[in-house]
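Questions regarding the structure given below will be posed in turn.
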Amino acid sequence: MLRWPIPFLAGAAALHALPALAPSRGWLVPAAAALVLGRRAPGLAAACAGFALALGMATVLVAAGWPCSRDRESALVEGRIAAPPLVRAGRTDFDLDVMHVDAPRPWPRRVRVSWYEAAQLPAVGERWRFELRLRCRRGFQNPGGAERELTLLRERIDATAYVVGKSRPARTGPAAALPIERLRARVAGAIAAALPPGPSVAVLQGLAVGVRGTIPDRLWEAFSATGIAHLMAISGLHVTGCALFALAGLRLVARLPWIARLPGRVTAESLVVVAVSAAYACLAGSSLPALRTVAMVALFAALRVLRRSWPLDRVLLLAAVALVATDPLALASIGFWLSFVATAALIAAALRGADARARLLDFARGQLAVTVLLTPVLTFGFGRLSLVSPLVNAIAIPLFGGLLLPVVLAGTVVATVSPALSSAIWRALAPLLDGTWPWLESIASWPGASWAPARQPAVLVAAIGILLFVALLVPVAGLRLAASALAAALCLGRPEPVAQGAFLLTALDVGQGLSVVVETRRHTLVFDTGPAWPGGGAAAQVTLLPYLRSRGVRAIDRLVVCHEDMDHAGGVDALRAALPVRRATAAAADAVSRGDACRRGDAWRWDGVTFRVVHPPEGFAGSDNDRSCAILVSGPGGRALLLADPESGGEEELLTQEIAADVVLLPHHGSRSSSQAALVAAVAARYGIASAGFGNRWGMPDPAVVARWRSAGTTVLATAEEGAVLARFPPRPGAVEISSVRRGARRWWRP
């Protein structure tokens, strides 16, 4: 049985090791190899088939993407609203299936649109015409950060866009087609109409039909810290519950004498259970855990009809093959691994020692197996482990499965028929949920509730995961102890340390803003926190914080906020909420930084590295940009000049000092209002880093400014093109090592 499924999955997974895709018909080579090998080497043939399938789909999806050469192009786009819109503060997000574009082909097939200050709420299935500014699939690239481009590919999003105001949006057709998505919107709307605005509305919408985009960030943080985020997704538990309820209803009907005597009752019963399960999975947004469960339900139903019995592990393996065969990119989803690894852990624990007379012990054994086996997955996928998860889940899972889930499923069924009748169910659940959130947030705030391990190489994480699974299955003396020790080492491991006297400067890719981290052997400085976004949220949540966690940083020794503009200070609150900040400094002691004033002459020394504030001087009267804080970092291996937004006045003041440096942050993101020739000559940097957003509307860094620096011998790297830029300064005189994420680790899905 294992001769072809595992090689098939491995072949599909091999796609993600490619730095770039083959030519458009490159998938034909492994496909032909699979046919040639055939029966002679079924395992290798299956691997070639899996690779060919994944490569072919990836080639098609990448080719359909809106090209970055046409980024920020505006066009009139007509299409159909493809899913329930997500309403946030000041912004409405929705997916649009494109029907016509007033622009040259190729057109994107599906666009994810943001409509700021929307005049009305589009409904699923309606046809609309918008003037959109189209953006290519491009996300931030930082160590430890998420791969947004790959996520958009998996979700079949060819472009992102936002509505521009030159042409007023117009509804051009009534709601039609897309019956499942319209039904999802109907249920989500029934919940919103029944309850006052609040987090419980968003959670119930997520539990019922998978509309989770409006759950507050603070609540997601609590779910993650307590280890119950899996209950908030439409998971296997939901679909299994739906299947069991359908089966129970059918069994009641089957007690009728005339029904029991009908031929083919078992076949009909199995088909109905599969159909109900599949319908609910589609209604709930077709998440991977839900689809995995549907595949398993379908396999069990087929075996029941055929009067055969297969082991659970074989059914799980075939369910994985079925999912990957229909969507090879599913292997790149953390949801796939969470679902299958957790289920495999429960099966393995049951296979080794299930005892029907000791149900409590079985539950504890299963929870322990899931916790241990998910450690590598959670470490690599989220960069954080919940230490209170076993305790919280021991309470939450029985309450959720026995009380909340049945009522939510009942409410969902009623809402599909009559939204008004379901309102009583939602109103009954809301007080229960409203009373739960304070408890969860309190537990999440406990010291040590969660742990963020430093990021380790993917190969090492995968090897430890495989060893843990083998140890669970094979009772070899000492193997489980060794595997557990390696899992503990994975959680407690540290990244490559910075040597005494050396320092690491990382200019993060935060879009149109600035955030830089400087690490010495035992200390960390954060220089600005990146932008805040219209409609809520901050870049720090997906850039700065994941990077700090991946580096094993537990506290910020000094936070410097150069000035209070939101492209520099937008992530301060998110950073303070996540990590302790021992000292804060800003150009002026203000409410944003809640720290000391930054003044020339202030200096400190960490681990053989000196930090000196070089701007602004006491009493300096200039614009907000000109007063922005500047710091010179000096070590035995070189110097770095951290500049924010100084313009002509601030630059002239800087020229009164010795500011020569090996690496410099280009002032004001490379704006033409900064980087005058005298400053460029005085700094005489070997490398310059321009922190600017890809395709930003100001055209930063300005080409003339870049040329000015380059003519002085400075190599200029822009985060918009390079992703995060890392500069490693050695502990003794020597060459500064410069690298970037996009150049250093190329991936096929990155434009």
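The values are calculated or read from the model by the stated rules, or taken from the named source; none is laboratory data. Remember, predicted model here, so these are calculated numbers, not experimental data. Here the Cβ is made from the backbone with ideal geometry for all residues, glycine too, and neighbour counts use every protein chain on show.
What number of residues within the stretch 463-493 are modelled with pLDDT of 80 or more and not in a helix (DSSP H, G or I)?
Residues that pass the stated criteria total 0.
A follow-up question, please. Every residue in the stretch 688-733 that is hydroxyl-bearing (Ser, Thr, Tyr) and either under 20 Å from Glu647 (Cα atoms) or free of Cβ contacts under 8 Å to residues at least 40 places away in the same chain (or both), please.
Scanning the stretch 688-733 gives Ser691, Ser711, Thr714, Thr715.
Hey, another quick one. Return the total of residues in the stretch 286-309 being in a helix (DSSP H, G or I) and either out of contact with any Phe, Trp or Tyr (no Cβ under 7 Å at 6 or more places or on another chain) or at pLDDT 80 or above (or both).
Of the residues in the stretch 286-309, 16 are in a helix (DSSP H, G or I) and either out of contact with any Phe, Trp or Tyr (no Cβ under 7 Å at 6 or more places or on another chain) or at pLDDT 80 or above (or both).
Let me confirm something: among Val510, Val459, Val526, Val518, which residue is among the aliphatic types (A, V, I, L, M) and at pLDDT below 95?
The match here is Val459.
So Val510 ticks every box in (1) of a type in the set (A, V, I, L, M); (2) outside any loop (DSSP other than H, G, I, E, B); (3) crowded, with 23+ Cβ neighbours inside 10 Å but one. Which box is left unticked?
Going through the list (1) of a type in the set (A, V, I, L, M); (2) outside any loop (DSSP other than H, G, I, E, B); (3) crowded, with 23+ Cβ neighbours inside 10 Å, Val510 breaks only (2).
Looking only at the stretch 663-686, count how many residues are at negative phi and touching a Leu at 6+ places or on another chain (Cβ under 8 Å).
Residues flagged as at negative phi and touching a Leu at 6+ places or on another chain (Cβ under 8 Å) within the stretch 663-686 amount to 11.
Exactly one of these conditions fails for Arg91: (1) free of Cβ contacts under 8 Å to residues at least 12 places away in the same chain; (2) of a type outside the set (A, V, I, L, M, F, W, C); (3) touching a Phe, Trp or Tyr at 6+ places or on another chain (Cβ under 9 Å). Give me its number.
Condition not satisfied by Arg91: (1).
Looking at the stretch 115-156, which of its residues are of a type outside the set (Asp, Glu) and on the phi > 0 side of the Ramachandran plot?
Listed by number, the residues that qualify are Gly125, Gly144, Arg156.
Here is a yes/no grid of residues against (1) buried (at least 23 other Cβ atoms within 10 Å of the Cβ); (2) farther than 13 Å from Trp709 by Cβ; (3) out of contact with any strand residue (DSSP E or B) (no Cβ under 8 Å at 6 or more places or on another chain):
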{"position": "Ile631", "(1), (2), (3)": "yes, yes, no"}
{"position": "Ser634", "(1), (2), (3)": "no, yes, no"}
{"position": "Glu647", "(1), (2), (3)": "no, yes, yes"}
{"position": "Gln657", "(1), (2), (3)": "no, yes, no"}
{"position": "Val663", "(1), (2), (3)": "yes, no, no"}
{"position": "Leu666", "(1), (2), (3)": "yes, no, no"}
{"position": "Arg672", "(1), (2), (3)": "no, no, yes"}
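Now for a different question. How many residues are of a type outside the set (A, V, I, L, M, F, W, C), under 23 Å from Val187 (Cβ atoms) and not in a loop (DSSP other than H, G, I, E, B) if we restrict to the stretch 94-133?
5
Could you check Arg554 against (1) under 20 Å from the mean Cα position of the chain (by Cα); (2) surrounded by fewer than 21 Cβ atoms within 10 Å (Cβ to Cβ) and say which number it fails?
The single condition Arg554 does not satisfy is (1).
Sticking with this structure for a sec: Quick one: which helices (runs of 4 or more DSSP H) sit completely within the stretch 134-244 and have at least 1 residues that are closer than 22 Å to Leu96 by Cα?
148-154, 179-194, 199-209
Taking the criterion of being out of contact with any helix residue (DSSP H, G or I) (no Cβ under 6 Å at 6 or more places or on another chain), more than 25 Å from Ile6 (Cβ to Cβ) and outside the structural domain of Lys166 (by TED's automatic domain parsing), would at least one residue in the stretch 25-36 satisfy it?
Checked the stretch 25-36: at least one residue is out of contact with any helix residue (DSSP H, G or I) (no Cβ under 6 Å at 6 or more places or on another chain), more than 25 Å from Ile6 (Cβ to Cβ) and outside the structural domain of Lys166 (by TED's automatic domain parsing).
Sort out which residues of the stretch 637-655 are among the hydrophobic types (A, V, I, L, M, F, W, C), in contact with a His (Cβ under 7 Å, 6 or more places away or on another chain) and without any contact (Cβ under 8 Å) to a residue 60 or more places away in the chain, and write them in order of number.
Across the stretch 637-655, the qualifying residue is only Leu654.
Can you pull out the residues in the stretch 270-285 that are without any contact (Cβ under 8 Å) to a residue 24 or more places away in the chain and either buried (at least 19 other Cβ atoms within 10 Å of the Cβ) or not in a helix (DSSP H, G or I) (or both)?
Of everything in the stretch 270-285, just one residue is without any contact (Cβ under 8 Å) to a residue 24 or more places away in the chain and either buried (at least 19 other Cβ atoms within 10 Å of the Cβ) or not in a helix (DSSP H, G or I) (or both), namely Ala278.
Here's the yes/no breakdown for (1) part of a loop (DSSP other than H, G, I, E, B); (2) in the same structural domain as Gly608 (by TED's automatic domain parsing); (3) more than 14 Å from Phe503 (Cα to Cα):
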position	(1), (2), (3)
Ser628	yes, yes, yes
Ile631	no, yes, yes
Leu641	no, yes, no
Ala644	yes, yes, yes
Gly650	no, yes, yes
Gln657	yes, yes, yes
Ala660	yes, yes, yes
Val664	no, yes, yes
Ser673	yes, yes, yes
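Right, something else. Which of the residues that make up the stretch 675-714 are touching a Pro at 6+ places or on another chain (Cβ under 8 Å) and assigned to a loop (DSSP other than H, G, I, E, B)?
Result: Ser675, Ala692.
Are any of the residues in the stretch 694-711 surrounded by 23 or more Cβ atoms within 10 Å (Cβ to Cβ), in the same structural domain as Val510 (by TED's automatic domain parsing) and more than 30 Å from Arg135 (Cβ to Cβ)?
no
Kindly evaluate Ala462 against the criterion of being of a type in the set (A, V, I, L, M), surrounded by fewer than 16 Cβ atoms within 10 Å (Cβ to Cβ), at negative phi and within 22 Å of the chain's Cα centre (by Cα).
yes
Report, by residue number, each residue of the stretch 250-267 that is more than 23 Å from Ala319 (Cβ to Cβ) and either β-branched (Val, Ile, Thr) or at pLDDT 75 or above (or both).
Val253, Ile259, listed by residue number.
So which residues in the stretch 23-40 are under 9 Å from Ala52 (Cβ atoms) and within 29 Å of the chain's Cα centre (by Cα), if there are any at all?
Of everything in the stretch 23-40, just one residue is under 9 Å from Ala52 (Cβ atoms) and within 29 Å of the chain's Cα centre (by Cα), namely Trp27.
I would also like to ask the following. Among the listed residues Leu385, Leu373, Leu405, which satisfies the condition of being within 24 Å of Ala202 (Cα to Cα) and touching a residue at least 24 places away in the same chain (Cβ under 8 Å)?
Sole residue among the options that is within 24 Å of Ala202 (Cα to Cα) and touching a residue at least 24 places away in the same chain (Cβ under 8 Å): Leu405.
Now for a separate question. Out of the stretch 134-153, which residues are in contact with a Phe, Trp or Tyr (Cβ under 6 Å, 6 or more places away or on another chain) and not small (Gly, Ala, Ser)?
Leu134, Cys136, Arg138, Asn142, Pro143, Glu149, Leu150, Leu153
If you don't mind, another one. Hey, among the residues in the stretch 409-419 that are surrounded by 12 or more Cβ atoms within 10 Å (Cβ to Cβ) and of a type in the set (A, V, I, L, M, F, W, C), which one's farthest from Arg184 (Cα to Cα)?
Applying the filter and picking the extreme gives Ala410.
Can I ask one more? Which ones in the stretch 582-606 are surrounded by fewer than 18 Cβ atoms within 10 Å (Cβ to Cβ), out of contact with any Phe, Trp or Tyr (no Cβ under 7 Å at 6 or more places or on another chain), modelled with pLDDT of 90 or more and assigned to a strand (DSSP E or B)?
Arg605
Tell me, please, whether a residue that is modelled with pLDDT under 90, over 25 Å from the mean Cα position of the chain (by Cα) and over 30 Å from Ile180 (Cβ atoms) can be found in the stretch 9-22.
Looking for residues that are modelled with pLDDT under 90, over 25 Å from the mean Cα position of the chain (by Cα) and over 30 Å from Ile180 (Cβ atoms), one finds at least one in the stretch 9-22, hence yes.
Pick out the one residue from Gly90, Gly43 that is surrounded by fewer than 20 Cβ atoms within 10 Å (Cβ to Cβ), within 23 Å of the chain's Cα centre (by Cα) and at pLDDT below 90.
Sole residue among the options that is surrounded by fewer than 20 Cβ atoms within 10 Å (Cβ to Cβ), within 23 Å of the chain's Cα centre (by Cα) and at pLDDT below 90: Gly90.
What about Pro84, is it assigned to a loop (DSSP other than H, G, I, E, B), in contact with a strand residue (DSSP E or B) (Cβ under 9 Å, 6 or more places away or on another chain) and either of a type in the set (Asp, Glu) or more than 30 Å from Gly56 (Cα to Cα) (or both)?
Here the answer is yes, as Pro84 does meet what is asked.
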